[in-house]
Structure formats: C-alpha cells, structure tokens
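In what follows, a structure is listed as structure tokens, so that the remarks can point back to it.
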Amino acid sequence: MFCKYCGKEVDETATFCQHCGAAIKKEENNSENTSESLFDQPVSASAEQVVPEKPPVVYPMKWWKFLVYFLLFAGAVLNLFSGIGQLTGSIYEEVPGDGSIEMVYRAFPALKPIDIIVGLLTIGLAVFAIFVRQALYKFKAIGPKLLIIMYAASCIINAVYCVAVFIVVPEIAQDMMTDFITTIATGIIMVVVNIIYFRTRKELFVN
C-alpha cells in the first residue's frame, strides 16, 4: 500500500505514514451498495450538498527521522563506550604519569565505586536508547515519554556524578567541569525540545 500524500510505501496495518506523518484512511469497498442507492434515490433540488473532506494535517517528521535513524543509535554507542571507560578507569589515561589509572584510584579510593556505579548506569542508558528508538519507530504511544525519561535520566546521572567527583576529587572535577556542564546542558535542551516537538504530534503516536 502506498501513501496518497507522499507516494511512499507504508505497511497495510499502519494508521499514519511513517514518512510524512499523514493519516492513512482505510476505505471500505461498498461499490455495489453505493451504486444501487445512487440510482434508486431520486435527485432532489433540496438535497444537501456534499462537503468535501479536509485533507489530514501533514506534520514535518525530519526530527523524528533524525532521532530513529541516527541520533538514538549514535547516543547508544557513545554511552556504551563512555560506560566501559568508567568501568575500566580508562577515562583517566590522560592523567600524567605511569600507571595513571592505578595512581588515581590509589590516591582517591572512593572514586572507583562511583565510576563503577555511573558506568553501569551509562551502559544501561545505551540499552534503553535502543528500546526507545524501537518504540518511536513503531509510533508507540509511550515512545515520546520514554524519550523524555531517557534524556532526563541522563541529566540526573551526569549531575550526580559531577557532584560526587567534585566532593571526592575536586582537582579532577575542575578539569572535567566543562564537559560536565556541556553534557548536562545538552540533556536539558533535549528534554525541552522533545517535549515541544512531540506535544504537537501526540495524535500520531497511538499504537
């Protein structure tokens, strides 16, 4: 079956076109009954005029496509590598000195459990991003909510990690502060942008 608005192929069970967002109306084939009723009924001058049906609203879906085809995959990969880096301590390889990872954890033993916990949470976010991607791709009603939760959780995890590192190792935290602020600010922006975007398209996500 093809969408009559953008011409691209869509699934026969789809309610909305995943390419242009237009509603797909299922038309019933009642040609025999319709033809009989048209010829049996006399034409009356006082008959009501048929008002043509308004075409459905077509929403721009470029941001949705960017999310499901690139951004969520890229975010999952980045979170996966970041989580592994925190679990293994490789994020401290740039610290000057031989055996920098062991040196950092030897000097600040409380930092290792923090890195392990945050590393596991970050890897969990990577897996969750793929789950969110599938929900959005299938126009699940819960998809936009899961996306907001994912970005909000990312902000919270990074904010808590920033505070914990600042308390335990203020020297390292000062060097990482720019990255912390950038990551948290990006997460907040993503939350706001997606709330606005999907609020105007909530009628598309009904599966």
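Just so you know, all these numbers are worked out from the coordinates, no wet-lab data involved. Just so it is clear, the model here is predicted, and its values are computed rather than measured. Here Cβ is always computed from backbone atoms with ideal geometry, including for glycine, and neighbour counts include all displayed protein chains.
Summary table
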| item | result |
| --- | --- |
| Normalised convex hull volume, segment 62-204, alpha-carbon set, Å³ per residue | 97 |
| Spin-label model distance (nm) - M103 vs V168, 7 Å beyond Cα toward Cβ | 1.9 |
| Shape metrics for segment 130-207, restricted to C-alpha atoms - Rg then Dmax, Å | 15.9, 50 |
| Residue pairs, from the table K112/K145; K8/K145; K65/K145, whose Cα atoms sit over 21 Å apart | K112/K145; K8/K145 |
| Rounded FRET efficiency, nearest 0.05, which uses the C-beta distance separating S90 from I196 and R0 of 35 Å | 0.40 |
